[in-house]
1. If G8 satisfies every condition in (1) among the small types (G, A, S); (2) surrounded by 14 or more Cβ atoms within 10 Å (Cβ to Cβ); (3) not in a helix (DSSP H, G or I) but one, which is the exception?
2. Could you look through segment 27-48, keep only residues that are of a type in the set (A, V, I, L, M, F, W, C) and within 21 Å of V89 (Cα to Cα), and pick out the one that is nearest to the chain's Cα centre (by Cα)?
3. What are the pairs with Cβ atoms under 6 angstrom where one residue, in segment 25-37, is within 12 Å of A49 (Cα to Cα) and the other, located anywhere, is surrounded by 10 or more Cβ atoms within 10 Å (Cβ to Cβ) and of a type in the set (G, A, S)? Sequence gap at least six, or different chains.
4. Are any of the residues in segment 74-95 under 10 Å from the mean Cα position of the chain (by Cα) and part of a loop (DSSP other than H, G, I, E, B)?
5. Go through segment 38-49 and report how many residues are touching a residue at least 24 places away in the same chain (Cβ under 8 Å), buried (at least 17 other Cβ atoms within 10 Å of the Cβ) and either assigned to a strand (DSSP E or B) or not aliphatic (A, V, I, L, M) (or both).
6. Return the only residue of A100, A61, A66 being of a type in the set (A, V, I, L, M) and buried (at least 16 other Cβ atoms within 10 Å of the Cβ).
Amino acid sequence: MVGALSEGATLTDALRRAGAALASVDLAAHADVPARHLSGGELQRLAFARAIATRRPIILADEPTANLDRTNASLVIASLRRMQTDRIVIVATHDDAVLAAMSAVVHLGSAA
């Protein structure tokens, strides 16, 4: 809720946005669990949910699916796809499934 509140959202709206963001990455059941009690993959999805809950115009995601199983990676990929409609989403990834979900891809590499 902190990100939404820092943007000026009401407490009610911040709670709604946080709940929706947690649900989108299958963490709604963990809403009252302190972050220190979450697994590595859950922490990664929580960080992503925090980005979703804000209304920032640009989202930077560095390997957002790196430590996730395919099921949870699919949830994050679906969220990335939805966010592209009203935000700029910049992703650094090696995951072909993430690449396929993006509207444009720029490959970076070294000239050998």
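1. (2)
2. The first filter runs over segment 27-48 and keeps only residues of a type in the set (A, V, I, L, M, F, W, C), leaving 27-29, 31, 33, 35, 38, 43, 46-48.
Cutting the leftovers down to within 21 Å of V89 (Cα to Cα) gives us 43, 46-48.
On the way: L43: 11, L46: 8, A47: 7, F48: 3 Å.
Across segment 27-48, the extreme among qualifying residues is F48.
3. Note: pairs meeting the criteria are V25/A49.
4. No, because not a single residue in segment 74-95 is under 10 Å from the mean Cα position of the chain (by Cα) and part of a loop (DSSP other than H, G, I, E, B).
5. 3
6. Unique residue meeting the criteria: A61.
Readers should treat all values here as calculations from the given coordinates under stated rules, not as data from a laboratory. In this text the structure is predicted, and so the values were computed from the model without any measurement. No Cβ is skipped: glycine too gets one built from the backbone with ideal geometry, and neighbour counts run over all protein chains shown.
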